[in-house]
Amino acid sequence: MSNEPVLNDSQRALLPALLDTIVPASAEREMPSAAEVDFDAYLATQGQGAVPMLQAVLESLGPGFADLSADERHARLSELQSQQIALFSSLLACVYDCYYQDPSVRVKIGMVRGPVFPQGNEVAQGDLSLLDPVIENADAHRYRAPR
Amino acid sequence: MSDDVADVLIIGAGASGAAVAWSLAETRMRIVCLEQGDWVNPSAYPTNSANWETQAFGPWNIDPNVRGLETDYPINNDDSECAVVNFNGVGGSTVLYGAHFPRLHPSDFKVKSLDGVADDWPIDYATLEPYFAENDRMMGVSGIAGDPMYPPKDPPLPPIAMGLVGETLARGYNKLGWHWWPSDSAIISEPYEDRDRCLYLGPCMSGCSQGGKSSTDITYWPKAVQRGVELRTRCRVREVTLDERGLADGVVYYDENGNECRQRAEIVIMACNGVGTPRILLNSKSSRFPDGLANRSGLVGKNLMFHVFGYVQGVFAERLDSHKGPVACCILSKQFYETDAARGFVRGYNMQIVRGSGPLGTAMAGFASGAVPWGKGHHEAFAKQFDHTAAIGIVGEDLPEEHNTVTLDPELVDSDGIPAPKITYKYSENSLKLMQHGLERGEEVMRAAGAADVMSAGPVRPSGWHLMGTARMGDDPATSVVNRWGRSHDVKNLFVVDGSIFVTSGGVNCASTIQACALYIADSIKKNLTNLFD
C-alpha cells in the first residue's frame, strides 16, 4: 500500500470543474478543456508531487464549487489568485503542464505529438541573400583593429 | 597516503579542462582529471520526455541552488545582483549552455589602449587565432565566413538554419541599415565526425538528447580518454597542497562516498570556472599562502565579471515557428559592439537573437505578464503568443572592478563540508547605461521587424553563465594572478585555464575564448616542458 497522498472522493468530484475553469474548451479553436485530458494519469505519474497543493486548493474552494456557474467559478478562482498567489501559480503550472503535454493538444498548437526527441523539427534555412546589404556595406561594419 | 603521482592533474572536466586534457595528451604524460560531477547519460535529458519544460524548471534547472544535485555545490548569491548558473559534471556548463559561440573581438584584448579603461590582456586576438580555429574544428562549429566584424575566419560547418525568426529579425536589421550575421554555433548543422546533425529540438539549454550540441563530454573527452587521459568522476577537490619547496604537489579530494583522498601530481591545472577556481585556491591556505594559494597579489577571487544581460521580446502577427530550432543560436548583431563616446558609456554589446519558448513557458510567462489569462480567453491569447515571439538577448561587456568578488562563505558548506562560494557583485553605472541603450535599440529592431507588441527587461538576475576575471592574467605579479601563459606567478607548477584568467570580459559569450585560451596554455606548457618551472 503506497503512502503517497491521493485525492479523496469529494476532492476528486470537484476536479473537473476546477480544470474546466482554468482551461475551458474552445469550439472555435477546436481545443479541449483541461477536464478532457487525462489528468488522472498525470497525477499518478509526473504530478504526484502536486497532490498536496491540489488538496489545499480544492479544500479552500469548498464542495459547492462544482455547482457554481462558469462565471461564478471564475470569480471564486480569481479570489484565490488574489489571496494566495504562490498557491495559485503552482496550480496553474500543474494544470498547464498536464494540458500542454496532451498529444492532441500538442498537435493542435503545431508541436510534435510526444517528446520532441527523436522526431525533431523542420526549420527552414532562411534567405541568406538577406545578408547582401550587410556585405555591401561591410566597410561601415568593419571590426575595430587595435593600434 | 597514495604514492600515485600524475604528471598532470586537471581539476574540472568542463569547457577548459576538456580542451587542455586533450591537447596535453599527445605528450604521453600521465594525465588525471578529477571531476566532482558524473557523466550525463543523453537518454536522461528532458527532451526524451513530453514534460521537458517542467524538468528544465526543476531537476535540470540552470541554477545549482534550485537543481540541488548531490554533485552540485551551493552558491550564496544574496549579496549579488546577478545569480550564478552552471552545471557540474563531465562537460561542465557546456552540458546546459545555449552553444552561441562567438569569439572575443580583437579590440576586447586592448581596452586600456583603445578606451582608457581596465587593462589590456598580455596576449591578443592574433595569438589566439590558431587556437580559436582548432577549437572550432574540435567542437564542431557551424557558421558562415565573411562577417566583417571579425578578422577572416571559416567555421567548419554551414550555419544553423535561421528559420522564420532569423529572417524576420534580419529584415528589421536591414531596414535600419545595421549589422547582423548568422551566429557561430557550437551545434553541428551536418553530420560531423561520429556525430549526427542537430534535429532542431529547441531546448538546448536542458541538454541535447541528439548530441548535435557540442558539449565537451561528446567532443573533447572521448578523444582525450582515447589518448590515455584518466577522467575520474565524483571527486570533489577541497584544496591544492604544497611541498616544502613551495610547489604544488597534488590535491586533497573527497570521493563519491565522502572518503578523503589524496592525488599527487607534478603539475596542477585549475579548470573549475571563474567561481570554482578561486573557491579552491582561497580554501588552499598554508603558512606560505595564508590568504589562499597563489594569492600574493590579493587578487584571487577579485574582479569577478559576468556579462550584463537583458532581453527584448517582440510578438508578431505572423507565425514564426519560434519553439523550433536551437533557442540561443540564430543570428546576432554587432552594430553596437565597439565604443562610441557619444553613447555615454564605453565598450558595447552583442545582440543575440533568441527563439521562443515551449507551451508551458509561454502560458506561465503570459500569466505573469498578463498577456495570457487563464479561463475564458486563454486559447485566443495563447495562440497570439505561442510560436509568434522572437527575442533579442543583450549581452554587454562587464568591466573588472575589485569590489566584485568570490569569497568563501563563513557558514554555508557543500555536502563534503567545503566552504561554499559567496558572491558579492554590483553592476557598474557603465553596465547599466550600456544595458539601457541595448534595450532601447532592441526595441527599435523589433518595431522595424514588424512586432505588434514589444517589451524589454534587464539586467536579468539569473544570468550568471559567464564567470570571469577572478585569477586574472598579466605580466606584473602585483596586479595579476597568472602570467601570459596561465602559470601562477607564485607557484610555478600551478596553472589556471578557465575564465578566471580573463582580464576583461568582452561583450560576447565566453566559451569559445575560454577554450582557445586553454589550448593556447596547453601549447605553451608543451613548448616549455624543459624549462617549465624556471
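Brief remarks follow.
- Residue that is nearest to the other protein chains (Cβ to nearest Cβ), among those in segment B:90-117 that are more than 14 Å from the chain's Cα centre (by Cα) and small (Gly, Ala, Ser): B:Ser107
Every residue, every condition in (1) in contact (Cβ under 8 Å) with a residue 40 or more places away in the chain; (2) facing another protein chain (nearest Cβ under 8 Å); (3) farther than 21 Å from A:Leu15 by Cβ; (4) among the aliphatic types (A, V, I, L, M), yes or no:
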{"residue": "A:Gln84", "(1), (2), (3), (4)": "no, no, no, no"}
{"residue": "A:Leu91", "(1), (2), (3), (4)": "yes, no, no, yes"}
{"residue": "A:Cys98", "(1), (2), (3), (4)": "yes, no, no, no"}
{"residue": "A:Ile109", "(1), (2), (3), (4)": "no, yes, yes, yes"}
{"residue": "A:Arg113", "(1), (2), (3), (4)": "no, no, yes, no"}
{"residue": "A:Phe117", "(1), (2), (3), (4)": "no, yes, yes, no"}
{"residue": "A:Glu122", "(1), (2), (3), (4)": "no, yes, yes, no"}
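- All conditions but one from (1) assigned to a helix (DSSP H, G or I); (2) of a type in the set (Gly, Ala, Ser); (3) under 26 Å from B:Leu399 (Cα atoms) apply to B:Ala133; the one that does not is (3).
- Of all residues making up segment B:133-151, the number that are under 19 Å from B:Tyr520 (Cβ atoms), within 14 Å of chain A (Cβ to nearest Cβ) and out of contact with any Pro (no Cβ under 7 Å at 6 or more places or on another chain): 1
- Near pairs, Cβ below 8 angstrom, 6+ apart or cross-chain, from segment A:125-143 (over 17 Å from B:Gly166 (Cα atoms) and within 7 Å of chain B (Cβ to nearest Cβ)) to any residue that is among the aromatic types (Phe, Trp, Tyr) and not in a helix (DSSP H, G or I): A:Tyr143/B:Tyr150
- Within this structure, B:Leu164 fails the test of being out of contact with any Lys or Arg (no Cβ under 6 Å at 6 or more places or on another chain) and without any contact (Cβ under 8 Å) to a residue 40 or more places away in the chain.
- Look at (1) within 14 Å of chain A (Cβ to nearest Cβ); (2) surrounded by 21 or more Cβ atoms within 10 Å (Cβ to Cβ) and you find that B:Pro400 fails only one, number (1).
- Residue-level check: of (1) assigned to a helix (DSSP H, G or I); (2) within 10 Å of another protein chain (Cβ to nearest Cβ), A:Leu80 misses just (2).
- For segment B:60-85, a residue qualifies if it is of a type in the set (S, T, N, Q), over 17 Å from the mean Cα position of the chain (by Cα) and buried (at least 18 other Cβ atoms within 10 Å of the Cβ), and the qualifying residues are B:Thr71, B:Asn76, B:Asn77, B:Ser80.
- Matching entry among B:Lys324, B:Lys285, B:Lys302 (being in a loop (DSSP other than H, G, I, E, B) and under 27 Å from B:Lys433 (Cα atoms)): B:Lys302
Residues checked against (1) within 16 Å of the chain's Cα centre (by Cα); (2) farther than 18 Å from B:Met364 by Cβ:
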| site | (1), (2) |
| --- | --- |
| A:Leu14 | no, yes |
| A:Leu19 | yes, no |
| A:Ser26 | yes, yes |
| A:Val37 | yes, no |
| A:Gly47 | yes, no |
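- Here the condition is being more than 14 Å from every other protein chain (Cβ to nearest Cβ), part of a strand (DSSP E or B) and closer than 22 Å to B:Thr71 by Cα; of B:Val252, B:Val275, B:Val225, it holds for B:Val252 alone.
- Pair list, Cβ under 8 Å, 6 or more apart: segment B:364-390 residue more than 10 Å from every other protein chain (Cβ to nearest Cβ), other residue among the aromatic types (Phe, Trp, Tyr) and in a loop (DSSP other than H, G, I, E, B): B:His388/B:Phe316; B:Thr389/B:Phe316; B:Ala390/B:Phe316
- Qualifying residue in segment A:60-72 (condition: under 17 Å from the mean Cα position of the chain (by Cα), modelled with pLDDT of 95 or more, more than 14 Å from every other protein chain (Cβ to nearest Cβ) and surrounded by fewer than 18 Cβ atoms within 10 Å (Cβ to Cβ)): no
The values are calculated or read from the model by the stated rules, or taken from the named source; none is laboratory data. Quantities reported herein were computed from a predicted structural model and do not represent experimental measurements. Glycine also receives a Cβ, built like all others from the backbone with ideal geometry; neighbour counts cover every protein chain displayed.
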